[in-house]
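Q: One structure, as structure tokens, below. Some questions next.
The values are calculated or read from the model by the stated rules, or taken from the named source; none is laboratory data. Not measured: the values here are computed from a predicted model. Backbone-built Cβ (ideal geometry, glycine too); neighbour counts: all protein chains shown. Please note that ligands, DNA and RNA were not included when accessible areas were found on the heavy atoms of the full protein model with its side chains. Shrake-Rupley method; radii C 1.70, N 1.55, O 1.52, S 1.80 Å.
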Amino acid sequence: MEQYEPDRLSPAVAAAVRRSYRNGRAAMTRRSLLRASAGGALAVGGLAALSGCGIPAAGKTQGGVSADDHSAKEKVVNFSNWPEYIDVDDSGKHHPTLDTFRTRTGITVKYTEDINDNDEFFGKIQPQLAAGQDTGRDLVVLTDWLAARMVRLGYVQKLDASNLPHAFANLSDQFRSPDWDPGRAYSYVWQGISTVVAYNKKALDGVEVKSVSDLLDNPALKGRVGLLTEMRDTVGMTMLDMGLDPAKFSDDDYDKVIARIQKAVDKGQIRRFTGNDYTSDLSKGDLAACIAWGGDIVQLQSDNPDVAYVIPDSGYMTSTDNLMIPNKARHKTNAERLIDFYYEPEPAAQLSAYVNYVSPVADVKPYLAKIDKSAADNPLILPDKAMQAKSVAFRALSSKEETAYQAKFTKLTGA
């Protein structure tokens, strides 16, 4: 078991993470797969719904469709990302790393914060992709399960390794070969996301929390436990606790996990299933313990010394937000140069110091330490090799599995 209770972050970094917590990537119910399910067309199975509306689903082919690359003549990259998911200067109007990229390359980045939810964004670009049209975007950031779907549908272009020397050399081993994109042929990681067990020391009042079993079974925590509405995180962490492998599991394994969680729900152990809104309850102590995202815990710990976390002996879940180039993008080479730029240690450190998620760039620590040593020493931002070895990614799901598994989980949560 690894436990970490860091010193308070520096004022500069604390201010940055608070900005992100209020308004940015962390402020979203950011990994809720079924945000649109209460009536939107893009719940799980949304491809079928789109087809029913006359929009053809793409064939299940590997490899995207290129367009004439205008990079040489048009020195621009159209980059879509989540709000507050990049470094910003004190004025709030400029992104220092993008300014550096423009100065060095002559390429202007037209940066747009227009991704607020994975399914919502997919609904925005899917009709154009299905019709073989340019989305107007050269680079997008998508969470791994949607990135896997994009690869499966043939909606993204294969990357040119010759334009990505730093990315190839510096990508952390932890993220090198996901099952949905072996060898990173279609994607590179923007930031990683760790899922851990968190707790409020004051609320525990001496009760020990080391594992998911403690959350689900300890009667001293009855009614004071939170689980996440993101199926891959709650189910994945419970799988690990049960000795199952989230990277390799069967339908029967999944059903066993659902039954285990259902038992905890039935006996009143679980206070509620949440998105990012668990953070307030955890900080106040209304939740004594919960499954949580590492980026949130970094932010909470900057203000509340009672918040702590544990990496269970059984391991923890990791996921990624990923840079991808959609089909028919006009500036593929320019987009690849921007991806590669963020795998140089200096800009990677600047980005990590601001957003406080897991950096995918190996050996970035000394560069981040020059900006803020406490951030560089925080394993939720830069996990060491031992911690990385305990991380597991949820395996890619087929469309049929995605629909069936999410339906069972949604019924469990009462959503």
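Q: Quick one: would you say Ala185 is among the hydrophobic types (A, V, I, L, M, F, W, C), more than 30 Å from Asp138 (Cβ to Cβ) and surrounded by fewer than 16 Cβ atoms within 10 Å (Cβ to Cβ)? Please lay out each step first, then the result.
A: Details: among the hydrophobic types (A, V, I, L, M, F, W, C): yes; more than 30 Å from Asp138 (Cβ to Cβ): no; surrounded by fewer than 16 Cβ atoms within 10 Å (Cβ to Cβ): yes.
Judged against the criteria, Ala185 is not a match.
Q: Can you find a residue that is touching a helix residue (DSSP H, G or I) at 6+ places or on another chain (Cβ under 8 Å) and surrounded by fewer than 24 Cβ atoms within 10 Å (Cβ to Cβ) anywhere in the stretch 330-337?
A: Yes; the residues of the stretch 330-337 include at least one that is touching a helix residue (DSSP H, G or I) at 6+ places or on another chain (Cβ under 8 Å) and surrounded by fewer than 24 Cβ atoms within 10 Å (Cβ to Cβ).
Q: Another question, if that's okay. Being among the β-branched types (Val, Ile, Thr) and touching a Leu at 6+ places or on another chain (Cβ under 6 Å) is true for just one of Ile371, Ile291, Ile381. Which residue is that? Before you say what the answer is, go through the steps one by one.
A: On the way: Ile371 fails: touching a Leu at 6+ places or on another chain (Cβ under 6 Å); Ile381 fails: touching a Leu at 6+ places or on another chain (Cβ under 6 Å).
Just a single option satisfies the conditions, and that option is Ile291.
Q: How many residues, within the stretch 275-305, are over 14 Å from Leu221 (Cβ atoms) and either of a type in the set (Gly, Ala, Ser) or assigned to a loop (DSSP other than H, G, I, E, B) (or both)? Can you show your working first?
A: Taking the stretch 275-305 as the starting set, the residues that turn out to be over 14 Å from Leu221 (Cβ atoms) are 275-280, 283-284, 292-305.
Going one step further and asking which of them are either of a type in the set (Gly, Ala, Ser) or assigned to a loop (DSSP other than H, G, I, E, B) (or both), we end up with 275-277, 280, 283, 292, 294-295, 302-305.
Of the residues in that region, 12 qualify.
Q: Based on this model, can you work out whether Gly192 counts as surrounded by fewer than 19 Cβ atoms within 10 Å (Cβ to Cβ) and among the small types (Gly, Ala, Ser)? Talk me through it step by step, then tell me what you get.
A: Values: surrounded by fewer than 19 Cβ atoms within 10 Å (Cβ to Cβ): no; among the small types (Gly, Ala, Ser): yes.
Here the answer is no, as Gly192 does not meet what is asked.
Q: Which residue is farthest from the chain's Cα centre (by Cα), if the candidates are limited to the stretch 307-340 and must be among the hydrophobic types (A, V, I, L, M, F, W, C), closer than 16 Å to Leu171 by Cβ and not in a strand (DSSP E or B)?
A: Step one: list which residues in the stretch 307-340 are among the hydrophobic types (A, V, I, L, M, F, W, C), which gives 307-308, 310-311, 317, 323-325, 329, 335, 338-339.
Those left that are additionally closer than 16 Å to Leu171 by Cβ: 323-324, 338-339.
Next, only the ones that are not in a strand (DSSP E or B) stay: 338-339.
Numbers: Leu338: 20, Ile339: 17 Å.
So the residue we want is Leu338.
Q: Sort out which residues of the stretch 301-310 are closer than 19 Å to Thr234 by Cβ and surrounded by fewer than 24 Cβ atoms within 10 Å (Cβ to Cβ), and write them in order of number.
A: First, pick out the residues of the stretch 301-310 that are closer than 19 Å to Thr234 by Cβ: 309-310.
The answer is Val310, and nothing else.
Q: Looking only at helices (runs of 4 or more DSSP H) that lie completely in the stretch 72-170, which have at least 1 residues being of a type outside the set (Val, Ile, Thr) and farther than 24 Å from Pro347 by Cα?
A: Filter on the stretch 72-170 gives 118-130, 144-152.
Q: Now for a different question. Pairs only if they're at least six apart or on different chains, beta carbon under 8 angstrom, first in the stretch 284-298 and under 16 Å from Leu380 (Cα atoms) and touching a residue at least 60 places away in the same chain (Cβ under 8 Å), second acidic (Asp, Glu) and in a helix (DSSP H, G or I); list them, first residue then second.
A: Ile291/Asp233; Trp293/Asp233
Q: While we're looking at this one, here's another question. Yes or no: Ala375 farther than 30 Å from Thr103 by Cα, modelled with pLDDT under 95 and either open to solvent by 10 Å² or more (accessible area, probe 1.4 Å) or not acidic (Asp, Glu) (or both)?
A: Values: farther than 30 Å from Thr103 by Cα: no; modelled with pLDDT under 95: yes; either open to solvent by 10 Å² or more (accessible area, probe 1.4 Å) or not acidic (Asp, Glu) (or both): yes.
No: the conditions fail for Ala375.
This table checks each residue for (1) under 19 Å from Gly315 (Cα atoms); (2) open to solvent by 50 Å² or more (accessible area, probe 1.4 Å); (3) of a type outside the set (Ser, Thr, Tyr).
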position	(1), (2), (3)
Leu227	yes, no, yes
Leu240	yes, no, yes
Gly243	yes, yes, yes
Asp255	no, yes, yes
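Q: Follow-up question, since we're still on this one. Any residue in the stretch 320-340 that's farther than 22 Å from Gln133 by Cβ: show its pairings with residues that are of a type in the set (Lys, Arg) and surrounded by fewer than 24 Cβ atoms within 10 Å (Cβ to Cβ) at Cβ separation under 7 Å, as long as the two are six or more apart or on different chains.
A: none
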